[in-house]
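The values are calculated or read from the model by the stated rules, or taken from the named source; none is laboratory data. These numbers were taken from a predicted model, which means no experiment stands behind them. As a convention, Cβ positions derive from the backbone with ideal geometry for all residues, glycine included, and neighbour counts pool all protein chains shown. Accessible surface areas use protein heavy atoms only, side chains included; no ligands, DNA or RNA. Shrake-Rupley method; radii C 1.70, N 1.55, O 1.52, S 1.80 Å.
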Amino acid sequence: MRSSKIIQTIDTHTEGMPTRVVTGGIGTIPGTTANERRLYFIEHLDHLRHFLMDEPRGHGAMSGAILQPSTRPDADWGVVYIEVSGCLPMCGHGTIGVATALVEAGMVEVTEPTTTIRLDTPAGLVIATVAVSDGHADSVTIENVPAFAERLDATIDVPGYGTVGYSLAFGGNYYAMVDLDDVGLPFDRSRQTEILSAGLAIMDAINGTDPPKHPEIEGVDHCHHVEFIAPGSNARHSRHAMVIHPGWFDRSPCGTGTSARMAELWARGQLPLDTDFDNESFIGGHFIGRLINQTTVGERPAVVPTITGRAWVSALSQFLLDPSDPFPSGFVF
Ligand code: PYC
């Protein structure tokens, strides 16, 4: 075998959603903070994201996380998230996958019944508490960065869909929350193409007229996710279809989306602190969220969410690049 590149990964899935955890082969990305590393990676190393996420090595809904040394003294590992969509500042299902991989591979000191792993993410410090039995990761609870509602009951004119009502919240990424009924579509996977088109049209309209901008995290200035809320959802149990730019659905219940949704419900006075919120994905997986503290982000009232979910190791891989491979940077079909 010949190869001009070798990248090692531990592949996991979190409630059906993949996280390709890169453990070696990329080296330390320049930057004095995790967000500087993310921005450097976007500018100089994005071909590695395409290599690992796009076809033929990945697929149209692929997601991953590159392990890095921490840039801060209070964290064990750093992470740069990679997806088919780009480099997110934070990814909940990805963090659950990372924490599971670190425990299963013995890359942290594993203690029972819980192992705490402090992660330096581009959005800030995220603390993962892994429930461990017989040396294995059973579930992971992440304490996320602060989440906040940015717009409640806003409206946007969306070509082809008329005026659509939405709320916008940050939970590690920006999410527009829209009732699926409002775009005249059922919560039914056989209608996924239409649901995807509606979500992308709503993102385009929001980003084209009034894109959000995080007050503290550089380079977080778009809404690339639409959380379509299914009929019958309420402030304790919600089902949703999560559309993500440039055109895929989260298979997991989406950790940062669950955080954003809880921040919205809290801002409406519908979800108090210390109360379980069960968020169900389009394929029926569950994350249990809770709001554990009140805080502020800039001037905004904010809350600290926790998300509990499960991930499983599915492969140990070494990705090679044969110098004659016609698709060194992958392709999108
Ligand atoms: O779980 O936060 C998440 C996430 C973001 C994009 C896909 N999953």
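Of the strands (runs of 3 or more DSSP E) lying entirely inside region 1-96, those containing at least 3 residues that are of a type in the set (S, T, N, Q) span 6-14. Is at least one residue of region 28-44 modelled with pLDDT under 95 and hydroxyl-bearing (Ser, Thr, Tyr)? Taking every residue of region 28-44 in turn, none turns out to be modelled with pLDDT under 95 and hydroxyl-bearing (Ser, Thr, Tyr). Kindly provide the set of residues from region 91-127 that are more than 15 Å from Gln68 (Cα to Cα), more than 15 Å from the chain's Cα centre (by Cα) and among the small types (Gly, Ala, Ser), ordered by number. Passing the criteria: Ala105, Gly106.
Here is the figure for region 271-310: residues that are farther than 24 Å from His214 by Cα, among the small types (Gly, Ala, Ser) and either assigned to a strand (DSSP E or B) or in contact with an Asp or Glu (Cβ under 6 Å, 6 or more places away or on another chain) (or both) total 2. Within region 169-190, the only residue that satisfies the criterion of being under 26 Å from Val304 (Cα atoms) and surrounded by fewer than 23 Cβ atoms within 10 Å (Cβ to Cβ) is Asp179. As a summary of the residue check, Asn207 satisfies the conditions (1) on the phi > 0 side of the Ramachandran plot; (2) assigned to a helix (DSSP H, G or I) except for the one numbered (1). Give me the residue from region 266-297 that is away from the ligand (no atom under 11 Å from the Cβ) and of a type in the set (Phe, Trp, Tyr) and, out of that set, least open to solvent (accessible area, probe 1.4 Å). Residue satisfying both the conditions and the ranking: Phe277.
On the given criteria, is Ala315 exposed (fewer than 15 other Cβ atoms within 10 Å of the Cβ) and touching a strand residue (DSSP E or B) at 6+ places or on another chain (Cβ under 7 Å)? Yes. Quick check on my filter: what residues within region 225-265 are assigned to a loop (DSSP other than H, G, I, E, B) and within 9 Å of the ligand (Cβ to nearest atom)? Of everything in region 225-265, those that are assigned to a loop (DSSP other than H, G, I, E, B) and within 9 Å of the ligand (Cβ to nearest atom) turn out to be Asp250, Arg251, Ser252, Pro253, Cys254.
On the given criteria, is Thr141 of a type in the set (S, T, N, Q) and part of a strand (DSSP E or B)? It is true that Thr141 is of a type in the set (S, T, N, Q) and part of a strand (DSSP E or B). The C-beta contact set for region 89-105 (first residue within 13 Å of the ligand (Cβ to nearest atom), second residue charged (D, E, K, R), distance under 8 angstrom, 6+ apart or interchain) comprises Pro89/Arg38; Cys91/Glu83; His93/Glu15; His93/Asp250; Ile96/Arg310.
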